[in-house]
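Each remark here refers to the structure printed beneath this line.
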Amino acid sequence: MSSETNQVAVEPTSQVSAETQTTTLTPETVVTDWKASLSDDIRADKSLENIKDIESLAKSYIHGQKLVGSDKIPVPNKFATEKDWDAVYEKLGRPADATGYKYDLPEDQKIDEASLKNFSDQAHKLGLLPGQANGMVKFYNEMTAASMQEADTTAKAAREASTTELKKEWGQAYDQKITQAANLATSVGANKLLDANMADGTKLGDHPVMIKAFAELASKMGEDSITQSSGPTYQTPAQLEKEIGELTAPGTAYWDKHHPNHKAAIEEVTLLIHKKNNESV
C-alpha cells in the first residue's frame, strides 16, 4: 500500500446546534408601548390617548361593560339645536311645561304671581329640573329675608344715632323741635318722601340733616299754627348759650352789683345754665 493513503478532508461546518443557539434580549429590545402591536388606524384613535397601559385599557373595558343596557343620555355637541337639548332635558326630568314647577314657599309669604310665572317660564326654557328651580326660589327667599333683616338693623341703628345726636344738640327742646318738624312735613305732604329708603337701607327722614332742616324751617314759620306743638316751649343749648352770653356781656346788670336788676340777672343766668345742662332747678 502506498504511503499516500486516501484522506477525506473534513470541511469546517458553519451549522450551530439548536441546543447551543440562544437569544439574549437586551433592554433596548423590550417592548414598552402597549399600542405598538396595534394597526396604525387603531393606534391613532383618539379614544386611546389617555390609556397608558394594558391595565388601564382593561379598567376602561370593564367600566364600559357595566354601562351596557343602562339608559344613557348622549350629550349634544356644539351644533345641537334647541330641539336636541329639549330631548335631553325631558330625559333628565324637566316638567312638560312651566306649570309643572312646584315651590315650597312659606305660608305667610306674599307671592308675586307674575314674577313667579316669569321665573317658571325661564326655568323651563333653561332646562331646570323641579328640584333645581325650587332650590333657586328658596335661595332667593333666604337672600331677600337676610337683606331685609340687615336693612332693618341698619335703619334702627341710624335712628338711634340720629336721636342721640339731636338730643345732644337740642337738649330739652328735642321733643318740641321733633314735633314741629313732623307737623311741617305732614302739612306739606312730605311724609312719603321722608319714608323713602336710601341706598344704605336707612330712611331719608331719619337723617339728622333732614330733620334739622325741617325743624329750622318750622322755627322760621313759628307763628304758623301748623308747625306749633301743644306742649311747653323749650330752647336748644345753643339758644340758651346765646341768651346767657347776652345777659353776661360787659356793662350789663349781671356785673354791676349796684344795678337794681343785678339780683334778677344773676338768678336768670343761673336758671339758664341749669336748663343748658339739663339740670332741675
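Nothing in this text is a laboratory measurement; each read-out follows from the coordinates by a stated rule. Predicted model, so just to flag it, every value in this text is computed and none were measured. All Cβ positions, even for glycine, are placed from backbone atoms using ideal geometry, and neighbour counts span all protein chains on display.
Computed from backbone phi, the HN-Hα couplings of region 205-216 come to x, 8, 7, x, 4, 5, 5, 5, 5, 5, 5, 5 Hz, rounded to whole numbers (Karplus: 6.51 cos²θ - 1.76 cosθ + 1.60, θ = phi - 60°; Gly and Pro given as x). Which of the lysines could a cross-linker span from K177 if the Cα-Cα distance has to be under 29 Å and same-chain partners fewer than 8 positions apart are dropped? Cα-Cα hits under 29 Å: K156, K167, K168, K192, K203, K212, K220, K242, K275, K276.
The residues packed around A264, meaning those with a beta-carbon under 15 Å from its beta-carbon, carry a net charge of -3 if Lys and Arg are +1 and Asp and Glu are -1.
Dividing the mean sequence gap of close Cα pairs (under 8 Å, 6+ apart) by how many residues region 235-281 holds gives a relative contact order of 38 percent. List the lysines whose alpha-carbon lies under 21 Å from that of K46, not counting same-chain residues fewer than 8 positions away? Straight-distance partners of K46: K35, K59, K78.
Close amide H partners of K203, meaning residues 5 or more places away or on another chain with modelled amide H under 5 Å apart, are M198. How high is the relative contact order of region 30-137, given as a whole-number percent (alpha carbon pairs under 8 Å, six or more residues apart)? This gives 23 percent for region 30-137. By the count of neighbouring beta-carbon atoms within 10 Å, fewest first, R159, R94 end up ordered R159, R94.
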